[in-house]
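Dropping a structure here in structure tokens format, bear with me for questions.
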Amino acid sequence: MSETKQNPRKDTTQPLQTTSGESEEKLRSEWTEYEFDGRTKLAVEDLDVYYGDDHALKSVSMDIPEQSVTALIGPSGCGKSTFLRCLNRMNDRINSARVDGSVAFDGKEIYQDGVDLVELRKRVGMVFQSPNPFPKSIRANISYGPRKHGDIDTSLLAKVFGRSDEDAEERLVERSLRQAALWEEVSDRLDDNALGLSGGQQQRLCIARALATDPEVLLMDEPASALDPIATAKIEELIHDLAEDYTVVIVTHNMQQAARISDQTAVFLTGGELAEYGDTDQVFEDPQSQRVDDYISGKFG
Amino acid sequence: MAGATRTRLVREDTSGADAVAALAVGVASVLFGLGLAAMFEVVGLTGTLAGVPTLPLLGGLLLVQGVAVVVFGVGSRFGAVETNPRPDAGIVAAVAFTLIWLVVGGLVASQVLGLGLAGWLLGAILTGAAGFAATVLPREDVGSTLPAGVVTALVGLVFLSGYIAPTSVWDLGWEQKASLTAEFMVPVVTVFCALLTGWAAAKAYGGFGARGRRVGAYLLVYLNAAAIVGVLFALVAFTVFKGVPGLFRGLTFGPGVGPESTVALFGASVTFSWPVYLPFAMNGVGLLNDLNGVLPAIVGTFWLVVGAVLFAVPLGVGAAIFLTEYAERGRFTQVVEVATNGLWSTPSIVFGLFGFAFLIPRFGNGKSLLAGMLTLGFMLLPLVVITSREAMLSVPDEYRDASAALGVTKWQTIRSVVLPAALPGVVTGTILGVGRIAGETAPILLTMAGGVFVPGSQTADVIGGFQFTAAPPFVSNPELLQATSALPYQLYALITAGVGASGNVGNPDQFRWATALILLLVVLSFYAVGIVTRYYFRRKLDYE
């Protein structure tokens, strides 16, 4: 299965350990014209995705700069969620999906043999469209990732041998919940089941859960689409704050939302093409392509 | 939507007609209950009820009920009662009434008029056609009340007239000497007529039309549910009433009256006497016993179920994990699915034969507790696989996605997210399976059970039986390799052992019922453990 997902060119064009700015520079100049401030966090080149015979994403190339918010917009079925799921290889979980092309994370190709998916997904966290906390306590939801990675150990044996990390767990839970602007609301009921929270709180809990593994990139798939306007406003404010430390890539249906919170905007159009990618102000005020102009002004899609 | 039917938006007050219909529904329910009670001989047909002989009482009630329903229907037809009927009563009612009237006509022609084959066939067809016509041709209010009410009134008349005596027997004249007794037929016919007129009365109460049909269906569904609960309750109550005298025979309380038990732990041992003596549950069958009991069978059943569960649950859950989480959906999983479903419906005697032919030669060539445990474990396995698989498939994929997106491996996801969420389902499946295997007789007969009347010395002491030995395999447990009894087998043996053996157990009838009651209690206590476990796991998953 993994064979089909390999791009045969990878080993030659992108050595695993390449971190020098040189090759990065070269690659970027090759496939995008858009120039931005800051270092490239994720470099995508000629990415094609097929679901069976369906060509869902057609030769997409874009660089995503670090510590900024990149919005992906476009009509339903245009491949923006597919694109997002390529960035942490979640598409591997879909049997019929085949990915062709290159995604480099900090200059390292993630579609090649020997990539540690655990490590990749620790660094590239993800928040889903509908809030999906585990049916566990709030505390257990937050510490789930680090616990499974072995970063936090509060098991019975750890307690017996006196190496239990309960303090670390408390600090982690508080830090993550504060980052997700949820601490004030739930600090007194960390042991309650997370399913008892409201939808907006659950979504922020999912963000906190993703932040707890200390990622560098946060992928968000329409995180506010299932939420009411007040919860949406909170999530948007949160995304804005998160961009100071993290690289945020967000898929949204809501163009106003994209305009409000993002630094860069990528517009996908039906058929899985990346129609335009650039500075948010520029994309919304002076789009280069007529189709994008039509889409943004509401004539289509 | 001009021409759409309009009914009262608000039913302001209960009219007299409504009250009559409601009363008819009430009488139908009473008749239904009385019929069931007579069927289970709670109410005797020969006796009296509230000072009135039972059979005429039933007849009178049926007559009144039938007439009331017909009067209501006809009154509605001629505008005396405000209803909203459809043009006809519908094809289902028509078919049902045709069949009923076929039977009525045939019976009258052959039994009352004494006509031959051709005669009663003609009569049956004529009345059947009349029933069909009476249902389909008039408006719904007459169509659904008249055929039902007339049948019921007729039956009431027959009961009242004394044409059928409470002790009547209708010999069918077949080779097999089959006969129908009034004792059985009267309750059945009463229940049937009660359902029929109850349905008609409920429709009338709802004013026919859509609302009437809903009320009619509602009544049938509720009476049905009540009957099922009632039958289950009667079954349990019957066993309890019959079993209690034998079970509590010789029950004494007081310090030191019970048998002595020795608890040994790390070399130190404490011997104490139970402060309660329940001979039936604390003795085996022995010549010197004051009262005999079934302790070996109780203990045998307990260990049997524990062993089977310990064997089947880990294997079954493991297989389910592989099938749902690892195996690609395809031919292989389909084959496994069909095979597990087939295994679950395989007759238990086949499992028993497998144990007899395969396991017994490998475990000391004699019937043994271990062979029984494994055989029943094999029986339990498919159900555990099926229900665990269902439970795991119903765990939302979102949990798996969320876990994968956090960089958690598949196995860790299964252990910490999928399994906890699936556990209530696994426990439910295991409970169901335990209910079945605990009552299984055939495999025990072939693989495990020894004597019919088991002395107390044959009580399996599985925990105490473990011994450490110097040679491999270093642990031995002769108790596991001994034949022992189990409750269903004991019950079977007691019933088939016949009169000659009755001297061993005093009152054999009491003894059997007490054994049945104990079996019921043992299975129910396994149920209780399962339900508490499931509740515990669910509590952890749900928020309050």
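Please give me the summed charge of the neighbours of B:LEU494: other residues whose Cβ is under 15 Å from its Cβ, Lys and Arg +1, Asp and Glu -1.
On the way: positive: B:LYS242, B:ARG512; negative: B:ASP509.
Around B:LEU494, the charge tally is +1.
Sorted from fewest to most neighbouring beta carbons within 10 Å, what does the list B:TYR492, B:TYR222, B:TYR205 look like? Spell out each step's value before the answer.
On the way: B:TYR492 18, B:TYR222 13, B:TYR205 24.
With the sparsest Cβ surroundings first, the list reads B:TYR222, B:TYR492, B:TYR205.
Could you point to the residue in B:GLY366, B:VAL317, B:MET392 farthest towards the positive end of segment B:295-541's charge dipole, with +1 and -1 charges on the Cβ of Lys/Arg and Asp/Glu respectively?
Positive-most Cα among the choices belongs to B:MET392.
To the nearest 10 degrees, how steeply does helix A:229-242 sit against the main Cα axis of chain A, on a 0 to 90 scale?
Tilt of helix A:229-242: around 80 degrees.
Counting helices only, and only those DSSP H runs with n ≥ 4, report the 222 nm mean residue ellipticity of chain A as the sum of -39,500 (n - 2.57) divided by its residues, in deg cm²/dmol to the nearest 500.
Numbers: 14 runs with 117 residues, N = 301.
Rounded to the nearest 500, the figure is -10500 deg cm²/dmol.
With a/c under 1.5 counting as rounded, go ahead and sort segment B:58-178 into rounded, prolate or oblate using the C-alpha gyration tensor (a ≥ b ≥ c being the square roots of the eigenvalues; past the cut-off, prolate if a/b is larger than b/c, else oblate). List each step's numbers first, then the result.
Working: a/c = 2.91, a/b = 1.62, b/c = 1.79.
Here segment B:58-178 falls in the oblate category.
Further, regarding this structure: For A:ASP165, enumerate residues with amide H under 5 Å from its amide H, sequence gap 5+ or separate chain, H modeled in the peptide plane.
Excluding prolines and chain starts, which carry no amide H, the hits are A:ASP153, A:THR154.
What FRET efficiency do you get for B:ARG211 and B:PHE78 if R0 is 22 Å and r is their Cβ-Cβ distance, rounded to the nearest 0.05?
Values: r = 21 Å, r/R0 = 0.95.
About 0.60, to the nearest 0.05.
In addition: Kindly write out, for segment B:470-481 in residue order, the coupling ³J(HN,Hα) from the Karplus curve 6.51 cos²θ - 1.76 cosθ + 1.60 (θ = phi - 60°), rounded to whole Hz, with x marking Gly and Pro.
Along segment B:470-481, the couplings run 7, 9, x, x, 6, 10, 9, 9, x, 4, 5, 9 Hz.
Same structure again: In whole Hz and in residue order, list the ³J(HN,Hα) couplings for segment A:76-85 that follow from phi through the Karplus curve 6.51 cos²θ - 1.76 cosθ + 1.60, θ = phi - 60°; x for Gly and Pro.
Karplus-based 3J(HN,Hα) across segment A:76-85 equals 4, x, 8, x, 5, 5, 4, 4, 4, 5 Hz.
While we're looking at this one, here's another question. Counting only other chains, what is the mean number of Cβ atoms within 10 angstrom of the Cβ of each residue in peptide A:135-144? Present the calculation step by step, with values, prior to reporting the outcome.
Working: counts 11, 6, 2, 0, 0, 1, 1, 0, 0, 8.
Mean partner shielding for this stretch: 3.
I've got another one for you. By the gyration tensor of its Cα atoms, with a ≥ b ≥ c the square roots of the eigenvalues, what is the shape of the protein assembly as shown: rounded for a/c under 1.5, prolate for a/b over b/c, or oblate? Present the calculation step by step, with values, prior to reporting the outcome.
Values: a/c = 2.73, a/b = 1.44, b/c = 1.89.
Oblate is the answer for the protein assembly as shown, as a/c is 1.5 or above yet b/c matches or exceeds a/b.
Ok, one more. What dipole magnitude, in Debye to the nearest 20, does chain A give about its Cα centre under +1 on Lys/Arg Cβ and -1 on Asp/Glu Cβ?
Numbers: 33 positive and 55 negative charges, 234 e Å.
Magnitude of the dipole: close to 1120 debye.
Over all Cα pairs of segment B:409-544, how is the pair count split among 5 Å bins, expressed in % and running from 0 up to the last occupied bin?
Using 5 Å bins, I get a P(r) of 2, 8, 12, 13, 14, 12, 12, 11, 8, 4, 2, 1, 0, 0 for segment B:409-544.
Here's something else I'd like to know. Counting only residues 5 or more places away or on other chains, whose amide H sits under 5 Å from the amide H of A:VAL251 once H atoms are built in the peptide plane?
A:LEU72, A:MET220, A:ASP221, A:GLU222
A follow-up question, please. If I model a spin label as a point 7 Å beyond the Cα along the Cα-Cβ vector, how far apart are those points for A:HIS240 and B:ILE531 in nm?
About 5.6 nm, to one decimal.
For A:THR154, what charge total do you get from the other residues with a beta carbon under 15 Å from its beta carbon, if Lys and Arg give +1 and Asp and Glu give -1? Mind showing how you got there, number by number?
Working: positive: A:LYS136, A:ARG139, A:ARG147, A:LYS148, A:LYS159, A:ARG163, A:ARG171; negative: A:ASP151, A:ASP153, A:ASP165, A:GLU166, A:ASP167, A:GLU169, A:GLU170, A:ASP191.
It works out to a net charge of -1.
Per residue of B:406-418, what is the mean number of Cβ atoms on other protein chains within 10 angstrom of that residue's Cβ?
Working: counts 15, 17, 9, 4, 1, 0, 5, 2, 0, 1, 6, 5, 0.
Mean inter-chain Cβ contacts per residue within 10 Å come to 5.
Once the mean 1/r over all distinct Cα pairs of segment B:245-374 is inverted, what Kirkwood radius in angstroms do you read off? Please report the intermediate quantities before stating the final value.
Numbers: mean 1/r = 0.0524 Å⁻¹.
It works out to 19.1 Å.
Let me know the shape class of segment B:295-541, please: from the alpha-carbon gyration tensor, a ≥ b ≥ c as square roots of the eigenvalues, rounded when a/c is under 1.5, otherwise prolate if a/b is greater than b/c, or oblate.
On the way: a/c = 2.15, a/b = 1.91, b/c = 1.13.
The shape class here is prolate.
Could the peptides B:349-356, B:300-307, B:54-61 be put in order, highest first, of the mean number of other beta-carbon atoms found within 10 Å of their residues? Could you put the intermediate results ahead of the total?
Numbers: B:349-356: 19.1, B:300-307: 22.9, B:54-61: 21.1.
Highest mean packing first, the order is B:300-307, B:54-61, B:349-356.
Could you state the angle between the C-alpha long axis of helix B:146-161 and the longest principal axis of the C-alpha atoms of chain B, as a value from 0 to 90 degrees rounded to the nearest 10?
80 degrees
OK, next. Tally Lys and Arg at +1 and Asp and Glu at -1 over the other residues with C-beta under 12 Å from the C-beta of B:GLN467: what net charge comes out?
Values: positive: none; negative: B:ASP461, B:GLU479.
Within the 12 Å Cβ shell, the charges total -2.
To the nearest 20 Debye, how big is the dipole of the protein assembly as shown about its Cα centre, given +1 on the beta carbon of each Lys and Arg and -1 on that of each Asp and Glu? If you can, show how the numbers build up before the last one.
Working: 60 positive and 81 negative charges, 898 e Å.
So the magnitude is around 4320 debye.
Let me ask something else. Let me confirm one metric for peptide A:146-152, namely the mean number of other chain beta-carbon atoms within 10 Å of its residues' beta-carbons.
Working: counts 1, 3, 10, 5, 0, 0, 0.
Partner Cβ neighbours, averaged per residue: 3.
Could you tell me the largest-minus-smallest coordinate of the C-alpha atoms of chain B on each of the three principal axes, in descending order and whole angstroms?
Over chain B, Cα extents along the principal axes are 97, 72, 51 Å.
Turning to a different aspect of this structure: Figure the gain on full extension for B:ALA178 and B:PHE466 (residue separation times 0.36 nm, minus the Cα-Cα span) and round it to one decimal in nm. Before the final figure, lay out the partial values.
Details: separation 288, 0.36 × 288 = 103.68 nm, distance 5.70 nm.
Computed gain between B:ALA178 and B:PHE466 is 98.0 nm.
So what is the relative contact order for chain A, in percent, with contacts set as C-alpha pairs under 8 Å and at least six apart?
Working: 555 pairs, mean separation 76.6, N = 301.
In percent, rounded to a whole number, it is 25.
None of the figures in this text is laboratory data; all of them are computed from the coordinates on show. This is a predicted model, so every value here is computed, not measured. In this analysis, Cβ positions are derived from the backbone assuming ideal geometry, glycine residues included, and neighbour counts consider all displayed protein chains.
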